[in-house]
1. Based on a Kirkwood Rh over C-alpha pairs, give the Stokes-Einstein translational diffusion coefficient of the chain at 20 °C and viscosity 1.002 mPa s in µm²/s.
2. Given R₀ = 35 Å, what would the calculated FRET efficiency be for Ala39 paired with Glu156, taking r from the Cβ atoms and rounding to 0.05?
3. For the chain, which span is the longest to avoid every loop-located (per DSSP) member of GluC sites (Glu not before Pro) having at most 10 other Cβ atoms inside 10 Å?
4. Quick one: length gained pulling Ser120 to Asp70 fully straight, 0.36 nm per residue minus the C-alpha distance?
5. Hey, can you rank 23-32, 117-126, 43-52 by average C-beta count inside 10 Å, highest first?
6. Please give the per residue volume of the convex hull enclosing the alpha carbon atoms of region 100-166, rounded to a whole number of Å³.
7. Can you tell me the alpha carbon radius of gyration of region 38-104 divided by the globular rule-of-thumb value 2.2 N^0.38 Å?
8. Write out the trypsin sites (Lys or Arg not before Pro) in region 86-166 meeting two conditions: DSSP loop, and at most 15 other Cβ atoms within 10 Å of their Cβ.
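Please treat every number below as a calculation from the coordinates, not as lab data. Nothing here was measured: the structure is a model prediction, and the numbers come from that model. Counting neighbours? That spans all protein chains shown, and the Cβs are built from the backbone with ideal geometry, glycine included.
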Amino acid sequence: MNWKQLLKLKAAGAGKGGGAIEFGYMLSAFTNGSGSGTAKHVAISGGQGAYAGGFGTKATDNIVRNATEDGKTYYPILLKGASKLAFDVPADVKVTVFFVDSKTKADTYNAAKWIGGDSSAYDSSVDNGPREVTVPEGADAFTFSIYYKSHTVTDEIMQSVKITAS
């Protein structure tokens with residue numbers, strides 16, 4: 001599968017603050033909060049087949065730090081005023097979420113500032129299956145990770161993932 005096929009996963013959009021969210025993804029990768037102190041940002045890193053990292057398909061002021069060494073530029077997914085996100089994922093899949101301020105540069109990577117979210121791409125306090133998350137104050141974008149314990153995340157699984165903003 002080529003880069004463009006992996007990048008695009010489209011859903012019909014709706015008005016500001018609501019509707020389906022469009023995202024791209026990379027198999028065998030994950031996103032998570034990285035850095036320290038006030039320089040915290042979100043990074044996408046290479047991982048095992050049990051992971052996939054979700055990111056934006058539209059350019060933002062600041063990027064997601066690319067720790068995969070593939071030379072590509074990744075962006076956070078814009079919230080467009082949403083205050084909640086609902087993730088519809090298979091029952092045996094975990095989704096973790098990482099919120100950023102895409103307009104504020106966190107560090108020398110030109111990465112968007114991490115605002116909050118789950119503690120890691122595999123956060124043991126997050127249950128498998130669909131979930132709803134509240135957007136923290138100051139966040140205007142996010143990334144996410146999919147984890148499928150003891151299995152491989154496939155294109156078919158990622159194409160079944162639906163994110164709805166409200």
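1. On the way: Rh = 15.4 Å.
Value of D from the Cα-based Kirkwood radius: 139 µm²/s.
2. 0.40
3. Excluding the exposed sites themselves, the longest stretch runs over 1-68.
4. Here the segment from Ser120 to Asp70 would lengthen by 15.8 nm.
5. Sorting 23-32, 117-126, 43-52 by mean packing, highest first, produces 23-32, 43-52, 117-126.
6. 131
7. Ratio of Rg to 2.2 N^0.38 Å for region 38-104: 1.20.
8. Values: sites: Lys94, Lys103, Lys105, Lys113, Arg131, Lys149, Lys162; in loops: Lys149.
Of the trypsin sites (Lys or Arg not before Pro), the ones in loops of region 86-166 whose Cβ has at most 15 other Cβ atoms within 10 Å are Lys149.
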